[in-house]
Amino acid sequence: MDRHDTEQIDGLKGLKVLVVEDEMLVSMLVEDMLTDFGCAIVGPAPDIDQALALAGAGDIDAAILDVNVGGRQIFPVADALKNRGVPFAFASGYGEAGLADDHKGAPVLQKPFRQADLERILRELASRQG
């Protein structure tokens, strides 16, 4: 179910979400969905280095992390977020099978995903906040 720009989702409005995605069209789609929910977008980060900088210093409530960014694995960014206590979900076409062993069990958005899938994951992440 698509939402209008003026309709924001209870519990997600104002949530600061880091988006790490190297494919511009996918990134724009995720940004549009987050905007529909009333979230504030951090980034988006199109590469690991920028993602690491934002993960280490940014004001972030949650993150959506593409597993493969520019041919590099996202796990150093996930580790930085984990160390800060910031909940995150991976976005992957491979599902949990694409995760490193020490990240198995983390929330995964199976690509391609719908707006309802993103909303469900964000609610889960928001409930894990400090």
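Compute the relative contact order of the chain as a whole-number percentage, counting only Cα pairs closer than 8 Å that sit 6 or more residues apart in sequence. Don't jump to the answer; show the numbers that get you there.
Working: 228 pairs, mean separation 30.7, N = 130.
Reported as a whole number, the value is 24 percent.
Through the Karplus equation 6.51 cos²θ - 1.76 cosθ + 1.60, θ set to phi - 60°, convert the phi angles of segment 75-86 into ³J(HN,Hα) values in whole Hz; use x for Gly and Pro.
Working through the residues one at a time gives 4, x, 5, 4, 5, 4, 5, 4, 5, 8, x, 8 Hz.
Rounded to the nearest 0.05, what FRET efficiency do A106 and Q50 have when you use their Cβ-Cβ distance and R0 = 25 Å? Write out the running numbers ahead of the final one.
Values: r = 21 Å, r/R0 = 0.85.
Approximately 0.75, to the nearest 0.05.
Based on the alpha-carbon gyration tensor of segment 25-70 and its eigenvalue square roots a ≥ b ≥ c, which shape applies: rounded if a/c is under 1.5, prolate if not and a/b is larger than b/c, or oblate? Numbers along the way, then the final one.
On the way: a/c = 2.38, a/b = 1.25, b/c = 1.91.
Oblate, since a/c reaches 1.5 and b/c is not below a/b.
Amide H neighbours of L109 under 5 Å, at least 5 residues apart or on other chains, H built in the peptide plane: list them.
Amide H neighbours of L109: F90, A91, S92.
If you take every residue apart from V86 with its C-beta less than 15 Å away from the C-beta of V86, what net charge results, scoring Lys and Arg +1 and Asp and Glu -1?
On the way: positive: K16, K82, R84, R128; negative: D59, D61, D79, E124.
After counting each charged neighbour, the total is 0.
Let me check I have the definition right: for the chain, take the eigenvalues of the Cα gyration tensor, multiply each by 5, take square roots. What are those semi-axes in whole Å, largest first? Each step should come with its number before you reach the end.
Numbers: eigenvalues 87, 49, 41 Å².
Over the Cα atoms of the chain, the ellipsoid semi-axes are 21, 16, 14 Å.
Check each of the trypsin sites (Lys or Arg not before Pro) in segment 53-130 and keep only those in coil by DSSP with at most 16 other C-beta atoms within 10 angstrom; list them in order.
Details: sites: R72, K82, R84, K104, R114, R120, R123, R128; in loops: K104, R114, R128.
Passing both the DSSP loop test and the Cβ count: K104, R114, R128.
Taking θ as phi - 60°, what are the ³J(HN,Hα) couplings along segment 95-100 by the Karplus curve (6.51, -1.76, 1.60), each to the nearest whole Hz, with x for Gly and Pro?
x, 5, 4, x, 9, 5
Would you compute, from DSSP H runs of 4+ residues alone, the mean residue ellipticity of the chain at 222 nm, taking -39500 (n - 2.57) per run and dividing by the full residue count, rounded to the nearest 500? If you can, show how the numbers build up before the last one.
Values: 4 runs with 47 residues, N = 130.
Per the formula, -11000 deg cm²/dmol.
State the extension gain, in nm to one decimal, for the chain segment bounded by A40 and A57, taking 0.36 nm per residue of separation less the distance between their alpha-carbons.
Numbers: separation 17, 0.36 × 17 = 6.12 nm, distance 1.61 nm.
Value of the extension gain: 4.5 nm.
We did not get these values from a lab; they are worked out from the coordinates using the rules stated. These numbers come from a predicted model, not from an experiment. Counting neighbours? That spans all protein chains shown, and the Cβs are built from the backbone with ideal geometry, glycine included.
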